[in-house]
1. For residues that are assigned to a helix (DSSP H, G or I) and under 18 Å from residue 203 (Cα atoms), tally how many sit in region 146-184.
2. Select from region 50-84 the residues that are hydrophobic (A, V, I, L, M, F, W, C) and touching a strand residue (DSSP E or B) at 6+ places or on another chain (Cβ under 8 Å) and list them in ascending order.
3. I'd like to verify a number: residues in region 68-87 that are among the charged types (D, E, K, R) and out of contact with any Ser or Thr (no Cβ under 7 Å at 6 or more places or on another chain), how many?
4. Considering only residues of region 141-168 that are of a type in the set (Val, Ile, Thr) and open to solvent by 30 Å² or more (accessible area, probe 1.4 Å), which is modelled with the lowest pLDDT?
Amino acid sequence: MPQDGYNRTNLQRKLTEEQLTAMFGSRTPPKYVVAGTVGKPVTHPIETVFEAVIYKLGLENLYYPIAGEDGRTSYNFVQILKRFDIVTDFETKKSTKRLYSAVISPKIKDFMFWLYNLLELQDYRNLPSRYRYFYLELSKMIYLIKYKVKNNETPFYVLTVDQLAKRLGIEIAEPKYRKKKIALILTKMNGYLKYTNFNFSFSKVSMIDGLIPFCSRFPKIRCVISMKDSMRS
């Protein structure tokens, strides 16, 4: 198989019997069975590179060791995929137009939510790809704001304009236009969000309600991000 990545053509290429045996061993080559239009089952062999890899992934587990209080090591196993489906009309001659659905196991999903503090998956999906990386950053901000609300602290997250521009990938030298671009992006992002909308404002003062900004210097303008009231519970 090529080592420099895969394109659609390579992923749809059928594997030889030798390659399938190398992947699945002596067990019977996997098949996908669906009900036909006349009630008879239609069998589709797992035969392409992509199908075989996804199926193989479903057979595998992740594992990680945990040292117990008694000094013994326990190994925990996590299933990678919960389900794999192929949607197409297998009764046509080619049946090349296929829609695949692979569902990640709940444990891995929970771990991803915990790792990135991803509060709302639906909002993440609604965003265009160019905003998704910053949304992970935004989720961390909202997570910390919720923590401050819980502890009766002032619920703000403060960033300098320079810091925010860097996280948004904005490379505009003029401060006035850089600030305007930041406001435009944050406003557009808010328009896509249904559950995790946020407020933001720019301030020129050196201190905001006693909060020290996350930097060693005090620029003239900073952006203050806060949650809308509906998000604070």
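The values are calculated or read from the model by the stated rules, or taken from the named source; none is laboratory data. Just so you know, these numbers come straight off a predicted model, no measurement behind them. Reconstructed Cβ throughout: ideal geometry from the backbone, glycine too, with neighbour counts over all protein chains shown. The area values use the complete protein model at the heavy-atom level, side chains included, leaving out ligands, DNA and RNA. Shrake-Rupley method; radii C 1.70, N 1.55, O 1.52, S 1.80 Å.
1. Kept after step one, since they are assigned to a helix (DSSP H, G or I), are these residues of region 146-184: 146-150, 161-168, 175-184.
If we keep only those that are under 18 Å from residue 203 (Cα atoms) as well, we get 161-165, 175-184.
So the answer is 15.
2. Scanning region 50-84 gives 50, 54, 57, 62, 66, 67, 77, 78, 80, 81, 84.
3. Going through region 68-87 one residue at a time, the tally reaches 4.
4. So the residue we want is 154.
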